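All remarks here apply to the structure that follows.
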Amino acid sequence: MKKIAFVLLFVLGFVGVQNAWAQRTITGKVTDKKNVAVSGASVLIKGTTVGTTTDKNGNFSISVEATGTLQVSYGGESQDVALKATDKNVTVKFKSSLKDLEKQMNKAAGNDTKKKKKK
């Protein structure tokens with residue numbers, strides 16, 4: 001009887017450990033402060049090179065381990081989202097508007113939309 005109980009505990013423990021390391025898919029949406037979808041935002045698993053970008057509706061899907069942190073960035077703004085083991089869908093809302101985020105991207109790329117004053 002003790003042997004059966006030990007084997008049962010071992011098998012249940014092994015299944016639990018396997019689930020802790022199992023990959024799962026997280027889906028989500030990235031929006032600006034006005035709830036406008038952010039297309040082309042970068043979504044990375046922090047500390048790795050695994051990532052994706054949002055589609056034209058701001059949606060993304062990425063495979064992650066049981067827990068971890070997503071690093072979402074666009075236009076110079078970045079947010080970290082700590083994932084819980086129960087998360088299946090996350091929403092990331094930037095503090096800036098899409099217009100402001102795009103201005104930051106243009107400025108960083110040297111395409112500042114402000115006209116330079118002539119001397």
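The values are calculated or read from the model by the stated rules, or taken from the named source; none is laboratory data. Because the structure is predicted, anything quoted here is derived from the model rather than measured. A quick note on method: Cβ atoms are made from the backbone with ideal geometry, for glycine too, and the neighbour counts reach across all protein chains shown.
A few notes on this one:
Conditions (1) in a strand (DSSP E or B); (2) among the acidic types (Asp, Glu); (3) farther than 22 Å from residue 34 by Cα, marked per residue:
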| residue | (1), (2), (3) |
| --- | --- |
| 49 | no, no, yes |
| 56 | no, no, no |
| 60 | yes, no, no |
| 63 | yes, no, yes |
| 71 | yes, no, no |
| 79 | yes, no, no |
| 82 | yes, no, yes |
| 86 | no, no, yes |
| 91 | yes, no, no |
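- Evaluation of residue 82 against (1) crowded, with 17+ Cβ neighbours inside 10 Å; (2) touching a strand residue (DSSP E or B) at 6+ places or on another chain (Cβ under 7 Å) (one fails), failing number: (1)
- Being acidic (Asp, Glu) and modelled with pLDDT of 95 or more is a property that residue 55 has.
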